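For reference, the structure discussed in these notes is given below.
The values are calculated or read from the model by the stated rules, or taken from the named source; none is laboratory data. Worth saying up front: this structure is predicted, and the values here are computed from it rather than measured. Glycine gets a Cβ as well: all are built from the backbone with ideal geometry, and neighbour counts include every protein chain shown. For the accessible areas, the whole protein counts, side chains as well, though only heavy atoms, and no ligand, DNA or RNA atoms are used. Shrake-Rupley method; radii C 1.70, N 1.55, O 1.52, S 1.80 Å.
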Amino acid sequence: MTLGLMALGLNTLVLTGCVSNSSIQSDSGLTPSAKPQVISNSRPIQTPTTADVTPDNLRVDLQTHVYHPIIWDEMRYKFDLADENFGHYSDYLAFYGERKTHLKRVSERAKPYLHYILNEVKKRKMPYEIALLPAVESGFRPFARSHQKAVGLWQFIPSTANIYDLDQTWWYDGRKDVVESTRAALDYLQKLYKLNNNDWLLALASYNAGLGNVYRAQKKYRKKHKDQTGIKEYLPNFWEIKEFLPQETQGYVPKLLAVAHIIEYSERFNIELEPIANRPYFSQIALNKQVSLGQVAKLSATSAEVLASLNPGYHQPATPPNGPYHLLLPVDKAEAFEEHIENNQEIFNIQWQKHKIRQGDSLSVIAKKYKTSSKAIQRLNGMKNANIRAGKTLLIPIPADKIAQVKAQLAQAEQQKPYKVNKTPNKTTQAKSVDTTAANSHLHKVKSGDSLWLLAKQYNVSSQQIAKANKLSFKTPLKLGQNLVIPGYEATTKIQHTLKTGESLWLVAKRYKVTTQDIAAWNNISAKKVLQPGMKLTIWTKETPNKSVKYVVKNGDNLWNIAKANQVSAQQLALHNNLSLKSLLKPGQIIKIPLTSAKNT
């Protein structure tokens with residue numbers, strides 16, 4: 001192969017498949033009865049141009065370890081799925097060949113994300129085509145939203161996002177988080193790959209249509225060919241079941257393969273792509289404290305537009321109050337910013353709290369309550385005047401020197417809410433120091449080693465609350481057998497977590513929705529300690545191992561394939577939802593999936 005061929009140019013991406021889908025018919029011409037064969041690399045593609053766009057017979061394997069300064073050159077000659085299925089996606093080659101301006105724009109949007117995504121794909125030894133999937137899903141738009149409420153680069157719907165630990169709150173949506181959504185998408189695809197008998201095209205079809213629809217299409221194929229020998233055990237491939245899949249999915253896989261092929265031979269298609277550097281675009285900075293995104297932009301000398309494109313998961317002008325979370329900054333800005341916050345903590349001098357406006361509230365009353373100013377609230381919330389409306393939510397900035405005072409006042413106001421008193425308490429369990437037992441409280445019997453601080457951590461309340469509810473001083477020693485009321489009790493679960501390779505204290509804290517400081521305190525270790533795989537950590541969490549997640553039934557789903565996809569038995573699923581094994585599910589129906597298999601090791 002000549003050096004000229006080795007230097008073939010850049011590549012392209014795709015129209016958004018999930019956000020806006022184009023209906024293009026395939027020209028495969030295959031009959032379901034004949035299993036498709038790998039098309040010879042010498043077979044020409046039917047395109048409206050005269051350019052030769054067939055895969056070259058000679059693979060340039062020697063380039064594997066050569067550094068390419070442009071990422072498209074790094075990816076070229078590594079699209080095995082596109083080559084193996086050459087001849088099945090000719091219509092889409094013509095389609096994208098006529099939309100060169102669009103592909104140029106998509107490649108520009110990919111610039112901040114593609115290097116990171118490709119490296120994550122390479123770490124998992126997944127096909128290189130997977131790194132281009134956001135081009136089909138969202139056009140590399142992190143804020144993309146489909147009519148089915150799918151969001152982000154990888155277009156997660158809420159129910160699937162819940163299964164893969166992508167938080168969705170007033171503050172933050174993990175579906176738009178570049179790092180977290182990529183982790184979840186690759187986890188999901190690897191799971192679908194295993195559930196589809198290690199077939200990547202079927203895994204991709206399942207990602208788009210749902211595993212149930214793929215299984216249903218395979219069932220229809222077997223029914224159509226019921227007279228063939230061994231058909232009951234046969235697992236048809238994507239091209240064989242294509243006609244039985246939803247229309248969008250019929251084009252979804254060919255689109256991705258066409259994009260990969262165009263990238264491999266971009267000069268032959270005369271398509272110009274953004275020359276994306278083959279090096280990291282951003283660095284990840286872990287944060288345990290809340291920060292203003294405006295302050296981050298100012299201190300890191302990063303434009304608000306770039307900061308938003310790298311951190312699209314944050315919905316508010318500040319990061320969430322309860323960490324840990326992370327920020328992404330351009331690599332040339334990150335080091336200086338980390339040095340700044342290490343030597344200067346002023347960026348953490350204000351914390352933010354959301355306040356739901358009630359009837360009778362005014363901006364001045366709210367400002368006084370939180371020890372701030374009306375102008376500060378207006379500025380933070382982008383308000384043109386002081387008019388507010390009941391039911392809306394405001395983000396309130398609280399000065400650092402007032403945080404403790406404000407939190408104490410809010411806690412006191414909460415404590416002054418009347419408890420429902422048990423009029424006939426059990427005298428054998430009622431402590432002398434306790435006036436009444438609240439209906440939403442818990443009675444704890446003091447054991448050896450207990451302290452107010454440890455009990456507060458265990459029950460997820462403050463030590464001040466426990467002291468006040470039991471009329472105790474912080475200097476008063478606890479006595480063995482003493483009964484203490486735990487006010488505002490929320491049940492927690494003690495979990496033994498065994499560290500896996502690659503896990504950090506930050507990742508474990510995020511998984512269980514606690515802080516790194518909490519884990520360090522519970523296990524008597526430093527929050528900066530380097531953890532070793534196999535180490536056991538004690539975690540107190542509100543998340544119980546046997547919780548359920550909601551799943552929205554899609555067309556073609558049944559109890560059996562939903563159970564298989566979520567690694568539970570169909571019997572468990574039926575019992576958990578008060579259904580029989582013969583129950584017919586309807587699209588849109590909500591099914592609760594018991595996570596009994598979610599072990600913490």
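Of note:
- Within a straight-line Cα-Cα reach of under 16 Å, Lys232 can be paired with the following aspartates and glutamates, leaving aside sequence neighbours fewer than 8 residues apart in one chain: Glu240.
- In this view, the solvent-accessible surface of His315, computed with a 1.4 Å probe and all protein chains in place, comes to about 80 Å².
- Proximal aspartates and glutamates to Lys191, defined as alpha-carbon separation beneath 12 angstrom and excluding residues fewer than eight positions away on the same chain: Asp199
- Rg over Rh for the range 289-398 works out to 1.01, using Cα positions for both radii and the Kirkwood form for Rh.
- Entries in Lys111/Lys384; Lys125/Lys500; Lys100/Lys333; Lys122/Lys242; Lys149/Lys369; Lys176/Lys513 that, when Cα-Cα distance is taken, lie over 26 Å: Lys111/Lys384; Lys100/Lys333; Lys122/Lys242; Lys149/Lys369
- Inter-centroid distance (Cα atoms) of the range 168-217 relative to the range 98-159, Å: 13
- Share of carbon and sulfur in the accessible heavy-atom surface of the range 265-313 [1.4 Å probe, %]: 49
- In order along the range 302-307, the Karplus-derived 3J(HN,Hα) couplings, from 6.51 cos²θ - 1.76 cosθ + 1.60 at θ = phi - 60°, round to 10, 5, 4, 5, 5, 4 Hz, and Gly and Pro are given as x.
- About the centre of its Cα atoms, the range 156-276 shows a dipole size close to 900 debye [charges on the beta carbon of Lys, Arg (+1) and Asp, Glu (-1) only; nearest 20 debye].
- Extension gain, Thr393 to Leu480, is 26.8 nm, computed as 0.36 nm per intervening residue step minus the present C-alpha separation.
- Within the accessible area of the range 90-248 (1.4 Å probe), percent carbon and sulfur: 47
- Excluding same-chain neighbours fewer than eight residues apart, the aspartates and glutamates reachable from Lys592 by a Cα-Cα span under 17 Å are Asp165, Glu543, Asp557.
- Normalised per residue, the accessible area of the range 72-168 is 34 Å², obtained with a 1.4 Å probe and no contribution from ligands, DNA or RNA.
- Calculated accessible area for the range 350-392 comes out at 69 Å² per residue, all protein chains present (probe 1.4 Å; ligands, DNA, RNA ignored).
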